[in-house]
Each structure stands twice: as structure tokens, then as C-alpha cells.
Amino acid sequence: MLNMAEGLDRLGALASSPLMATLGSAFVDAGFEIAIVGGPVRDALLGRTTNDLDLTTDARPDDILRIVKPLATATWDIGRAFGTIGAKIHGEQVEITTYRADSYDGATRKPTVEFGDTLEADLVRRDFTVNAMALRLPVPALVDPTGGVEDLVARHLRTPADPAISFGDDPLRMLRAARFAAQLGFDVAPETLAAMTELRESLRIVSPERVQGELVKLLQTAAPDPGIRLLVETGLMSEFLPEVPSLRLEIDEHHHHKDVYEHSLTVLRQAIELEQARHPGQAPDVALRLAALLHDIGKPATRKLEPGGGVSFYHHDLKGARLARKRLHALRFDGDTTASVTQLIEQHLRFFGYAEGTWSDSAVRRYVRDAGAELERLHILTRADVTTRNTKKAGRLARAYDDIERRIAELAEQEELDAIRPELDGNRIQQVLGIGPGREVGEAYRFLLELRLDEGMVGSEVAERRLREWWAARG
Ligand SMILES: Nc1ccn([C@@H]2O[C@H](COP(=O)(O)OP(=O)(O)OP(=O)(O)O)[C@@H](O)[C@H]2O)c(=O)n1
């Protein structure tokens, strides 16, 4: 429950910091208005820590620069086309944006409605009422023209203007609604939700980079599932990851969920819990979370009806990895993230493929080799997937997996497991066999790699002898 008195105290403290006091007096002395706006005001009221310090003013960018230069240790104007000047003052970074519409070059921001050049007008064209509040400086005064405080108390996300106008201004705001719903634990007002459903296709005009950015922010929250559900229920998810809503059509035969969609959300929740338990204090692992959400997306496309009436999925791991690669590429995810996610989806059935608890050393080495750099994430994903099975089986599988992890650690103490390669290199293979470069060297290399995987480090002398024997038997 939001304690308003404490929230207002925190606002007072925010306004009276040396930085804000300095800025407030400087702008007012120069004849301008200045106010802290958006996220920091919302977060001070909620008692959350804020990363950004955004301010808004009627001063134009040239005037902002002129006023802040004497106070700042650094300034930057990379956002000038959007009316924004950045500055470092008292060791803190601030971004100050003009609300004077005539300061924008026509292409950067075109409010669809003429609001006029006032602080209130700036606020009304923001995304949600809870983000549409400002704190005037230097004498702190809360400016809340659209009922933001009321919505904070009620934990509602609502657009300040008609949602069609607000989402028309920037359709990405529909994704922001899902992210804030997850991040703040708020619900979305019915008319805002209805507009998200109706206007979902307008997301197509938003650049894939921005969509990716919001998806990442959603996945970085402590509990993304309410946001994911909103995106699926409004049809917005179908615009960029259509395989996720399709999981609702797939009955979850192997676990105890209603469908594979519910199963996937549970795996995501479990993965986040394990990620935090195993790596406390680390930044949210977006690749792991994407893999958890997407690990079964190959199922609908690979479903096969069995003669007995059951279903099976033919190589859904490989299919899922391909689908994920395509979608993440389209969303302009970087190559590392895409490679991690596809690798995890491709390998996520490996544990279930081997007989439980009866892995040979060779199986352990192959598992480690195929997981590559993703081994730690694969541990988490597999464990998350295991715990969603019905309870008796889950316990048994979890113990089997404990055993696998222990075996990997033991073996890694004896051998280098993370870079498994043959004990002889290409040059040595040619010397031992007395051959030149060519196809046979590759074949010999693969023979030695198999030897290494099956038997571990045998030593170069034994490796050479076995290589000669193999060569002789090959004829
Ligand atoms: N598409 C957008 C993006 C931002 N804003 C406004 O700009 C402010 C700053 O945006 P941003 O930094 O993206 O969001 P925050 O609310 O600060 O939250 P966070 O830092 O968690 O992203 C928001 O509060 C909101 O008032 C908006 O109206 N429409």
C-alpha cells in the first residue's frame, strides 16, 4: 500500500538535493520554469530507486546549454534533435528536455494533438498517468494534471489522453504498459487494455530495435509473466513472437500444466528463481530467460499423432532453435544472445535423452562439449524444466541432475572439460601418419576427438599408437 505522506517526504528530499536546488535556482533566475518529470517522480512516490533523472523546461536547447554549462563538469547534446541536453552536475547525470514544440526539428516529435507549450501539456502527452507527473523546482510543487497519484494508489496504468491518441503517438507504449504492469505489479485500465488489443497491429511501424529494447526490459523484471500474459492476451505478442501464443494450443502431456504455454511460463519463473539463487546480485540473464520462454516453441510445428492416440514431437528442439533464431534475428538481437538462446533450445532435451543417472564419462564429456559456453545456463534451464514435471518424477529427475552436475565437476578436476579437443593437432597427425594435408587429416582428427570424448586424456603416446592402429585398420 502506498504511504502518501512518506511518498511526499521523499519528493521533498528529491527536490532539496544540492543538484536539484542548484538547477532549480539557475533556471528560475534565468526566467524559465524547470521540473523533475516522469520516472523519478513516480519512483520517489513509490519508494523505488530511480536510475534516470529527467527534467523538463520551457527553455530551448540553446538556453538549457547556456544555463547548465557553468554548473556542469560535462554536457552533451546528442539528443538535441529531441530537445534534450545532458549534463553532469555534482557528480550526477541529468537529462533536461524542452517542452517547447518549436524546438524540435519537424521529424523528431509530432504530437498529434495541439496541446500548447505548457508543463501540463507536456505531461498530458506522456504514456501513462503515473509517468505524467512533475515536481516543480526550486520550491517543490507536484504537478499532476491527469490523476497520476490516484492511479499510483489504485495501482492502475492508464493513458493520460485518449488511449488511441497516446498509442497513436507511439505504439511502443503498448509494450511499455506490459513492462510496467510486470515491473510495478500494476493492472491496466480496461479502456487502455481494449485499445492495446485494437491497435496491436500499429506496433508494426515501431523499429525492431525498440521492440527488442522493451522485451528485454520486461524480461529483466523480477516476475515478467504478468507482462507476458498481457502481451499474449492483447495479441501484441503475435506481432513479434507469434510462436509464444501458439503454445496455448499445445496440450502439455508430460507435465502437469494445462498447456505448453503455462508450462513455459512456469519454466521461466523457475529459471529466474534458480538464476538468482545461483548467482545472487548478478544482472538479469536475458538470454537464459528468453530460452526459458521459448524452449518449447518447436512443439506445435513438430507434433506427430501416435497410433495409440498419444502425441510426440519430432525434433522439436532443433525446430525450436531455428524458429528462435529467425525471430531474434528479426528483432535485431545481437549475435551472442541469439547464439546462446538457440544453443540452449537445441540442447535442452539432452538430459532427458540419456537414461537418468547412468551417464558414462563419455556421455558427461559430450554433454559438456555440446553445451559449450552455455553449460551453466543449461544447468538452470534443465533444472527449471525438471521441476515442472509431476512431483514424484520431478524429485527423481532433480536428484539425477544433481548427480550429473557432481560428475561434471569431478571430471573437470581431472581433465580440461571446457575445451575438449583431440590430443594431437593437425600437424602431428600428418607426421605420425606420414601424410600431407587433405581429407584424411580431417577424418583422423574426428577419430581422435571421439577417442578424447570416450576415454578422456589418454596421453599423446597412446593417442599416437591408437591413431596408427586406426589408420592401419582403415586400409
Ligand atoms: N514512449 C514513451 C517513453 C517515455 N515516455 C515518458 O518519458 C519518461 C521517461 O522515459 P523512460 O526513461 O523510458 O521511462 P521511465 O518511466 O523513466 O522508466 P525506466 O527508466 O524504468 O524505463 C517516462 O516516465 C514517460 O513520462 C513516454 O511518454 N512515452
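Quick look at the numbers
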{"quantity": "Some residue of segment 151-159 being within 13 Å of the ligand (Cβ to nearest atom), outside any loop (DSSP other than H, G, I, E, B), without any contact (Cβ under 8 Å) to a residue 60 or more places away in the chain and more than 28 Å from Ser17 (Cα to Cα)", "calculated": "yes"}
{"quantity": "Members of segment 330-368 that are within 16 Å of Arg406 (Cα to Cα) and in a helix (DSSP H, G or I)", "calculated": "Phe351, Asp361, Ser362, Ala363, Val364, Arg365, Arg366, Tyr367, Val368"}
{"quantity": "Some residue of segment 212-219 being among the acidic types (Asp, Glu) and out of contact with any Phe, Trp or Tyr (no Cβ under 8 Å at 6 or more places or on another chain)", "calculated": "yes"}
{"quantity": "Matching entry among Leu203, Leu249, Leu193 (being closer than 30 Å to Ala154 by Cα, touching a strand residue (DSSP E or B) at 6+ places or on another chain (Cβ under 9 Å) and not assigned by TED's automatic domain parsing to the domain that holds Arg327)", "calculated": "Leu193"}
{"quantity": "Breaking point among (1) in a loop (DSSP other than H, G, I, E, B); (2) farther than 24 Å from Gly7 by Cα; (3) modelled with pLDDT of 85 or more, for Glu114", "calculated": "(3)"}
{"quantity": "Close pairs from segment 32-48: first more than 28 Å from Asp63 (Cβ to Cβ), partner of a type in the set (A, V, I, L, M) and within 11 Å of the ligand (Cβ to nearest atom), Cβ under 8 Å, at least 6 apart", "calculated": "Leu45/Met133; Leu46/Leu184"}
{"quantity": "Single unsatisfied condition, Ala59 versus (1) in a loop (DSSP other than H, G, I, E, B); (2) touching a strand residue (DSSP E or B) at 6+ places or on another chain (Cβ under 7 Å); (3) within 16 Å of the ligand (Cβ to nearest atom)", "calculated": "(3)"}
{"quantity": "The lone exception for Ala134 - which of (1) more than 15 Å from the ligand (Cβ to nearest atom); (2) under 21 Å from Thr49 (Cα atoms); (3) touching a residue at least 60 places away in the same chain (Cβ under 8 Å) it fails", "calculated": "(1)"}
{"quantity": "Check on Leu175, away from the ligand (no atom under 15 Å from the Cβ), closer than 26 Å to Gly47 by Cα, modelled with pLDDT of 95 or more and buried (at least 19 other Cβ atoms within 10 Å of the Cβ)", "calculated": "no"}
{"quantity": "Members of segment 144-173 that are within 27 Å of the chain's Cα centre (by Cα) and farther than 18 Å from Leu123 by Cα", "calculated": "Arg155"}
{"quantity": "Segment 294-320 residues that are of a type in the set (Val, Ile, Thr), paired with ones that are part of a loop (DSSP other than H, G, I, E, B) (beta carbon under 7 Å, 6 or more apart)", "calculated": "Thr302/Tyr314; Thr302/His315; Val311/Glu253"}
{"quantity": "Criterion: more than 9 Å from the ligand (Cβ to nearest atom), under 15 Å from Ala72 (Cβ atoms) and under 36 Å from the mean Cα position of the chain (by Cα) - qualifying residue of Leu46, Leu23", "calculated": "Leu23"}
{"quantity": "Any hit, segment 284-294, residues being of a type in the set (D, E, K, R) and buried (at least 17 other Cβ atoms within 10 Å of the Cβ)", "calculated": "yes"}
{"quantity": "Qualifying residue in segment 186-209 (condition: near the ligand (Cβ under 10 Å from one of its atoms), of a type outside the set (Ser, Thr, Tyr) and farther than 17 Å from Gly39 by Cα)", "calculated": "yes"}
{"quantity": "Lone qualifier among Val94, Val124 - being modelled with pLDDT under 95, within 16 Å of the ligand (Cβ to nearest atom), hydrophobic (A, V, I, L, M, F, W, C) and crowded, with 19+ Cβ neighbours inside 10 Å", "calculated": "Val124"}
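The values are calculated or read from the model by the stated rules, or taken from the named source; none is laboratory data. Small disclaimer: the values here were computed from a predicted structure and weren't measured. Neighbour counts run over all protein chains shown; Cβ positions are idealised from the backbone, glycine included.
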